[in-house]
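K.L.:
I'd like to ask some things about the structure below.
The values are calculated or read from the model by the stated rules, or taken from the named source; none is laboratory data. Keep in mind that what you see is a predicted model, and the values were worked out from it rather than measured. Every residue, glycine as well, gets a Cβ built from its backbone with ideal geometry; the counts of neighbours run over all protein chains shown.
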Amino acid sequence: MPHSPSSDPATPGGPAPGPVALSVEGLGVTVSSGRLTAVRDVSFTVARGEAVGLVGESGSGKTLICRSVLGLLPPGCAVSEGEIALAGETLTGRSRREWERVRGTRVGAVFQDPASYLNPSLTVGRQLAEVLRVKLGLDRPRAGERAVELFAAVGLHDPAEVARRHPHELSGGMLQRVLIAIAVACAPDLLVADEATTALDVVVQAEVLELLARMRAEHDLALLLVSHDLAVIAEVCDRVLVAYAGELVEDGPAERVLTEPLHPYTEALLRVATVGDWERRELEVIPGAPPEVGARLPGCRFADRCAFAAPECLSGPVPLRETADGRRVRCVRSEEIDLSRAGARGTREVAV
Ligand SMILES: Nc1ncnc2c1ncn2[C@@H]1O[C@H](COP(=O)(O)OP(=O)(O)OP(=O)(O)O)[C@@H](O)[C@H]1O
Ligand SMILES: [Mg+2]
């Protein structure tokens, strides 16, 4: 089902949205040199100033979606279908050079392992100053000064001293702040944060999340935030996208999706979040495994793990359809099933 990028990305009753910062329409991503489709039919928008969370179990395609938006897919992976537009400018099919122009100026990125995105042999101040010189055309002295200002703005104490250090001389939290400073240096419309706080301890994680929230408010930044931690998503995000086996299965206001899910997979994911440790819990709460990457299935990709699966779930591709109150769900039975009974009943009891 086409989801018009120009359509209102607001949550019903929520704050008025800004203009669309990111629009993804019918995105398909192949891996293994085009042999397998790992992401399919992904459509969503993020408005200026809006924070959208992307959740789903390991391998559901979150990183491939983020990297597509950044024009940074790994070798062997490619956008095979659909369109990506930043601030209305379509970028799919553009050259590497054009993506390089866009990265930093239109869209910034923060990942889980900041050290691997920095050059170990250059001071962090020099690296930020280079970005400012290349992307904004600042001269060397001004770029150096601006780098220190930006380090101060992301809460690094003694920013002039930090600027003189190499990446290995900084802690994980400090490195993540450096990366955020680089990501927002050229005032992008959108920041993509893929598990950006996962490797940090709880206190530093909270500080970095607070920083992201502040950057968003100060710069009217749109945020696409991937996290396996639903508490983080609940705290930061206005809207949540739920991915399963390379597709989006649900999209809606965070407080609604996280308390009254519409898709049986989202409901299971929420139950996972209430017990034990993540990797083990997932298997306990949702029996079975997601389909193999690229598997061609007759209907719903979650059907063989779903307590509510019925013959109609397998009768054809399931579209991500809009509900009466403006949410979206990829389930043909969402109106007739009672998700509150899923946990009590055991996941497989009523399966076909
Ligand atoms: N470079 C690659 N080559 C081949 N397959 C890949 C590659 N990157 C991802 N995939 C496959 O695509 C699927 C989606 O991967 P992706 O990294 O986007 O998942 P994810 O949701 O980010 O998972 P995680 O929560 O573990 O980070 C996975 O099944 C993975 O095996
Ligand atoms: Mg990932």
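K.L.:
Provide a single number: the residues in segment 202-225 that are without any contact (Cβ under 8 Å) to a residue 12 or more places away in the chain and farther than 15 Å from ALA153 by Cβ.
P.N.:
The number of residues fulfilling the criteria is 3.
K.L.:
Those residues that are within 16 Å of ligand 1 (Cβ to nearest atom) and at pLDDT 95 or above, I need them from segment 227-250; list them, please.
P.N.:
VAL240, LEU241, VAL242, ALA243, TYR244, ALA245, GLY246, GLU247, LEU248, VAL249, GLU250
K.L.:
Next up: Give the residues of segment 43-76 that are touching a Ser or Thr at 6+ places or on another chain (Cβ under 7 Å) and within 7 Å of ligand 1 (Cβ to nearest atom), sorted by residue number.
P.N.:
GLY76
K.L.:
Among the residues of segment 109-130, what is the count of those that are assigned to a helix (DSSP H, G or I), surrounded by fewer than 21 Cβ atoms within 10 Å (Cβ to Cβ), modelled with pLDDT under 95 and not aromatic (Phe, Trp, Tyr)?
P.N.:
Final tally of qualifying residues: 2.
K.L.:
Would you pick out the residues in segment 77-91 that are surrounded by fewer than 17 Cβ atoms within 10 Å (Cβ to Cβ) and either at pLDDT below 90 or small (Gly, Ala, Ser) (or both)?
P.N.:
Result: ALA78, SER80, GLY88.
K.L.:
Is there a residue being within 16 Å of ligand 2 (Cβ to nearest atom), of a type in the set (D, E, K, R), under 19 Å from the mean Cα position of the chain (by Cα) and closer than 19 Å to PHE111 by Cβ anywhere in segment 176-191?
P.N.:
Taking every residue of segment 176-191 in turn, none turns out to be within 16 Å of ligand 2 (Cβ to nearest atom), of a type in the set (D, E, K, R), under 19 Å from the mean Cα position of the chain (by Cα) and closer than 19 Å to PHE111 by Cβ.
K.L.:
Say whether the condition of being within 16 Å of ligand 1 (Cβ to nearest atom) and of a type in the set (Asp, Glu) is met by at least one residue in segment 134-146.
P.N.:
Within segment 134-146 (the criterion being within 16 Å of ligand 1 (Cβ to nearest atom) and of a type in the set (Asp, Glu)), the answer is no, since none of the residues qualifies.
K.L.:
Anything in segment 145-163 that is part of a helix (DSSP H, G or I) and either of a type in the set (Asp, Glu) or more than 26 Å from GLU210 (Cα to Cα) (or both)? List them, or say none.
P.N.:
Across segment 145-163, the qualifying residues are GLU145, GLU149, GLU161.
K.L.:
Do you know which residues across segment 213-250 are within 14 Å of the chain's Cα centre (by Cα), of a type in the set (A, V, I, L, M) and within 16 Å of ligand 2 (Cβ to nearest atom)?
P.N.:
LEU224, LEU225, VAL226, LEU230, VAL232, ILE233, LEU241, VAL242, ALA243, LEU248
K.L.:
May I ask you to list the residues in segment 28-46 that are more than 16 Å from ligand 2 (Cβ to nearest atom) and surrounded by 24 or more Cβ atoms within 10 Å (Cβ to Cβ)?
P.N.:
Hits for segment 28-46 are THR45, VAL46.
K.L.:
Tell me whether segment 220-242 contains one or more residues that are in contact with a helix residue (DSSP H, G or I) (Cβ under 7 Å, 6 or more places away or on another chain), buried (at least 20 other Cβ atoms within 10 Å of the Cβ) and among the charged types (D, E, K, R).
P.N.:
Within segment 220-242 (the criterion being in contact with a helix residue (DSSP H, G or I) (Cβ under 7 Å, 6 or more places away or on another chain), buried (at least 20 other Cβ atoms within 10 Å of the Cβ) and among the charged types (D, E, K, R)), the answer is yes, since at least one residue qualifies.
K.L.:
Of the residues ALA185, ALA160, only one is within 30 Å of CYS237 (Cα to Cα) and of a type outside the set (Val, Ile, Thr); which?
P.N.:
ALA185
K.L.:
Quick check: is even one residue across segment 92-104 within 16 Å of ligand 1 (Cβ to nearest atom) and under 25 Å from VAL240 (Cβ atoms)?
P.N.:
no
K.L.:
Name the residues in segment 51-73 that are among the small types (Gly, Ala, Ser) and more than 9 Å from ligand 2 (Cβ to nearest atom), would you?
P.N.:
Once the filter is applied, which keeps residues that are among the small types (Gly, Ala, Ser) and more than 9 Å from ligand 2 (Cβ to nearest atom), segment 51-73 yields ALA51, GLY53, GLY56, SER68, GLY71.
K.L.:
Taking THR266, is it out of contact with any Lys or Arg (no Cβ under 9 Å at 6 or more places or on another chain), within 16 Å of GLY59 (Cα to Cα) and of a type in the set (S, T, N, Q)?
P.N.:
It is true that THR266 is out of contact with any Lys or Arg (no Cβ under 9 Å at 6 or more places or on another chain), within 16 Å of GLY59 (Cα to Cα) and of a type in the set (S, T, N, Q).
K.L.:
Here is a follow-up. SER121: under 22 Å from VAL31 (Cα atoms), more than 16 Å from ligand 1 (Cβ to nearest atom) and of a type outside the set (A, V, I, L, M), yes or no?
P.N.:
So SER121 does not fit the description; no.
K.L.:
Quick one: in segment 1-20, which of the residues that are among the aliphatic types (A, V, I, L, M) and within 18 Å of PRO253 (Cα to Cα) is modelled with the highest pLDDT?
P.N.:
VAL20
K.L.:
A further question on this structure: Being at pLDDT 95 or above, over 28 Å from LEU36 (Cα atoms), outside any loop (DSSP other than H, G, I, E, B) and not aliphatic (A, V, I, L, M) is the filter here; which residues of segment 257-313 pass it?
P.N.:
Once the filter is applied, which keeps residues that are at pLDDT 95 or above, over 28 Å from LEU36 (Cα atoms), outside any loop (DSSP other than H, G, I, E, B) and not aliphatic (A, V, I, L, M), segment 257-313 yields nothing.
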